[in-house]
Amino acid sequence: MSKISRLENEISGYRSKIQELESEIRKNEQNYDSLQVFKGKVEASHEEFENVNGAKKNSLNDLEEIKKNSVIVQRYQAGMSHVLNGIGSKMVTVAYLGILFQISAKMREYINNIQHCEEEIRKYRNSITNLNIEIQDARNEERQRQRGGDRNERCRV
């Protein structure tokens, strides 16, 4: 196999690797976009939970005047206050924050993968550029040898 053929095969291999990396980038971008949409839904759901919980807390505050006259209202307010301000509500908030943290971490992972692939593509493209220079040099050397061979033949005749 000639030097030029070997270099061209090497370039072909790098181009295949670039295509694989570009495909991986597209997959990571799609996954990132999908997670971004999901994250938006989780954030909206969390905000809605907080709004509903806040509205219920405000409604309990409205019972202040009535609770003076009713033991049932006092117990209801105490129970609901425990529900709205207690461990259940806090666990829901912690769960939302945990989910959002995990989503953000995975999104960062996709960004890092994309950046890594882009860096690898840059390296392969630089290698291709260098190999193209080597091919051009090899072709020039081949032409010079052929010209030298042509001159030698003319001199012998």
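Structure notes:
- Gaussian network model of the chain, Cα within-10 Å springs - most flexible of Ile66, Ile18, Ile103: Ile66
- The range 31-95 shape via C-alpha gyration tensor axes, a/c threshold 1.5: prolate
- When log10 I(q)/I(0) by the Debye sum over Cα atoms at q = 0.09, 0.15, 0.20 Å⁻¹ is computed from the coordinates, the matching label among (1) -0.33, -0.78, -1.17; (2) -0.40, -0.80, -1.25; (3) -0.61, -0.92, -1.15 is (3).
- Accessible-area composition of the chain, carbon plus sulfur, in percent [1.4 Å probe]: 50
- Against the main long axis of the alpha-carbon atoms of the chain, helix 71-85 sits at an angle near 10°.
- Acute angle (nearest 10 degrees) that the helix 3-61 long axis makes with the longest principal axis of the chain, alpha-carbon atoms: 10
- For the chain, size of Cβ-based charge dipole, Lys and Arg +1, Asp and Glu -1, in debye: 460
- Computed E for Leu97/Lys27 - FRET, C-beta separation, R0 25 angstrom, nearest 0.05: 0.35
- Dipole of the chain [Lys/Arg +1, Asp/Glu -1 at C-beta], most positive-end residue of Val71, Tyr124, Asn112: Tyr124
- Nearest-ten-degree value, helix 87-156 long axis tilted from longest Cα axis of the chain: 10
The values are calculated or read from the model by the stated rules, or taken from the named source; none is laboratory data. No experiment lies behind these values; they were computed from the predicted model shown. Cβ coordinates were reconstructed from backbone atoms using ideal geometry, including for glycine residues, and neighbour counts include every protein chain displayed. When the accessible area is computed, the model is the full protein with side chains, heavy atoms only, and any ligands, DNA or RNA have been set aside. Shrake-Rupley method; radii C 1.70, N 1.55, O 1.52, S 1.80 Å.
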